[in-house]
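Taking it in order: structure first as structure tokens, then the write-up.
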Amino acid sequence: MSAAVAMDPEQQATRARPRKPAETAFGYPRDFLDNRFVYTVISPRARGLSVGINVNPDRHCNFDCVYCEVNREQAAGEPRLDLRVLAAELEWTLALVHSGRIREHSHYSRVPAELVRLNHVCLSGDGEPTLCPNFPHVVEEVMGLRARALFPFFRLVLVTNASGLDTPEVEAGLRLFTPRDEVWAKLDAGTQDYMQRVNKPDCSIESVLAKILGLARQRPVIIQSLFSAIQGQAPPSHEIEAYVHRLKKLKDGGAQIPVVQIYSAIRRSSHLECGHLPLRTLSAIARRVREVAGLKAEVF
């Protein structure tokens, strides 16, 4: 496990590439702070500040979700993930957060103090994290920094579409997760037809469910479900019923699901047909999750 390194002047020059932050419905941008791979964002689901690691700077993804903010027609900013730079950026960003100096940045100067306290470090970004070719090495870098105890303990969270959870590389990385770390797996549909419309995946919904079940029998898995208005239309009721019965089947099969997160598109999508659903619609979906699947559901 390699230790984090300080950035030399050449790396600092490379790091200083201003990026225009993506707007969100909550007014809080994903802010790279002139980093190449590490960003900060105030996330409702994190209940405050999340430090994210863009493990897919090449924008490699096997889904093309209708709500995704990433425009894959544009060239990627980085061809690959540089582990040395990642480690240095993460240490620098955590120091910025824990020192309180992050509040010197305009995006955070007027944010309540409780929302700029770190809640977790997240493996996410511009593609599917489990497709990162050096995924276990990324986890090693983060765990190595945490083990040095330079900062208070932080949870590591993997946000994934679940399609790669059974690959040897991802399984090796997940073996480094402690019980306090978390996996958030996405499930946005109940049928293959709707999954094809929303996620445009390269795999079947049955395959995704099998991989969620396989991992959730070993450790708790939080389900993330994003429902959008597509061309002004909410998901049809029969789709929601199929979705909640998928969750019930996971639970009945032995999946440990502590909570289902129900939310809508919060960042501006590159697809114009995608819109935000009202709270009452999201609340109705969450109610069906509780009634049918018997699972805790939270709306964001």
Please work out which residue is farthest from Pro129 (Cα to Cα), limiting yourself to the range 48-86 and to residues that are small (Gly, Ala, Ser) and open to solvent by 10 Å² or more (accessible area, probe 1.4 Å). Ala75
Checking Ile102 against (1) touching a Ser or Thr at 6+ places or on another chain (Cβ under 6 Å); (2) surrounded by 15 or more Cβ atoms within 10 Å (Cβ to Cβ), the condition it does not meet: (1)
Just to verify a result, which residue in the range 206-240, among those that are in a strand (DSSP E or B) and polar (S, T, N, Q), is modelled with the lowest pLDDT? Gln233
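Kindly establish whether Lys211 is open to solvent by 10 Å² or more (accessible area, probe 1.4 Å) and on the phi > 0 side of the Ramachandran plot. Spell out the reasoning first.
Working: open to solvent by 10 Å² or more (accessible area, probe 1.4 Å): yes; on the phi > 0 side of the Ramachandran plot: no.
No.
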Which residue out of Ala172, Ala162 is open to solvent by less than 10 Å² (accessible area, probe 1.4 Å) and in contact (Cβ under 8 Å) with a residue 12 or more places away in the chain? Ala162
It is to be established whether one or more residues within the range 258-275 are open to solvent by 70 Å² or more (accessible area, probe 1.4 Å) and under 19 Å from Gln192 (Cα atoms). no
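Go through the range 107-132 and report how many residues are closer than 20 Å to Pro201 by Cβ and either open to solvent by 50 Å² or more (accessible area, probe 1.4 Å) or in contact with a His (Cβ under 9 Å, 6 or more places away or on another chain) (or both).
Here is the first cut: in the range 107-132, the residues closer than 20 Å to Pro201 by Cβ are 123-132.
So of that shortlist, the ones also either open to solvent by 50 Å² or more (accessible area, probe 1.4 Å) or in contact with a His (Cβ under 9 Å, 6 or more places away or on another chain) (or both) come out as 126-128, 131-132.
Residues flagged as closer than 20 Å to Pro201 by Cβ and either open to solvent by 50 Å² or more (accessible area, probe 1.4 Å) or in contact with a His (Cβ under 9 Å, 6 or more places away or on another chain) (or both) within the range 107-132 amount to 5.
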Single match in Phe153, Phe135 (criterion: surrounded by fewer than 14 Cβ atoms within 10 Å (Cβ to Cβ) and of a type in the set (Phe, Trp, Tyr)): Phe153
Hits in the range 109-160 - residues which are over 30 Å from Ser99 (Cβ atoms) and in contact with a Cys (Cβ under 8 Å, 6 or more places away or on another chain): Gly127, Glu128, Leu131
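The values are calculated or read from the model by the stated rules, or taken from the named source; none is laboratory data. Please read these numbers as outputs of a predicted model, since none were measured by experiment. Every residue, glycine as well, gets a Cβ built from its backbone with ideal geometry; the counts of neighbours run over all protein chains shown. Calculation scope for accessible area: heavy atoms of the full protein, side chains included, ligands and nucleic acids excluded. Shrake-Rupley method; radii C 1.70, N 1.55, O 1.52, S 1.80 Å.
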